[in-house]
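Comments concern the structure below.
Coordinate-derived values only; no laboratory data. Note that this is a predicted model, so its numbers are computed, not measured. Note that we place each Cβ from the backbone using ideal geometry, even for glycine, and neighbour counts take in every protein chain shown.
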Amino acid sequence: QVQLVESGGGLVQAGGSLRLSCAASGIIFSVYAMGWYRQADGNQRELVARISRDGTTDYAASVKGRFTISRDNAKNTVYLQMNSLKPEDTAVYSCRADRSTIYWGQGTQVTVSS
């Protein structure tokens, strides 16, 4: 049974930081590309950041320079360090494991107050 479990969301003031974690089980984590996506109320889900099997990263223009994605294959975990948070970063953040099959976590709420 594949599980992706996100944690680390919460309420933070603008300018603050949060670190999201996504722990995977039931897959060979190291062979999957991993990504963080977010969906704000009334909006479509969008890519925030992704990291390939070999560690290559890619970011949405809106978060580049503020967010950092990383992975620890020994812990089967992908992280999203979010700094200089803005109210427009408020959304449900979900992680995704991508290979021949795609798996999603349940999401964690991030709320940034102004």
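Which strands (runs of 3 or more DSSP E) sit wholly inside segment 53-112 and have at least 2 residues that are over 15 Å from Ser7 (Cβ atoms)? Outline the logic, then answer.
Values: elements: 57-59, 67-72, 77-82, 91-98, 102-104.
Output list reads 57-59, 67-72, 91-98, 102-104.
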### Query
Just wondering, is there one or more residues in segment 31-39 that are more than 18 Å from Thr108 (Cβ to Cβ), touching an Asp or Glu at 6+ places or on another chain (Cβ under 6 Å) and assigned to a strand (DSSP E or B)?
yes
### Summary
Taking segment 31-64 and keeping residues under 12 Å from Val92 (Cα atoms) and acidic (Asp, Glu) leaves Asp41, Glu46
### Query
Which numbered condition trips up Gly16, out of (1) of a type outside the set (Phe, Trp, Tyr); (2) within 13 Å of Ala97 (Cβ to Cβ); (3) assigned to a loop (DSSP other than H, G, I, E, B)?
(2)
### Query
Which ones in segment 50-69 are under 10 Å from the mean Cα position of the chain (by Cα) and either closer than 16 Å to Ser84 by Cα or surrounded by fewer than 14 Cβ atoms within 10 Å (Cβ to Cβ) (or both)?
Phe67, Thr68, Ile69
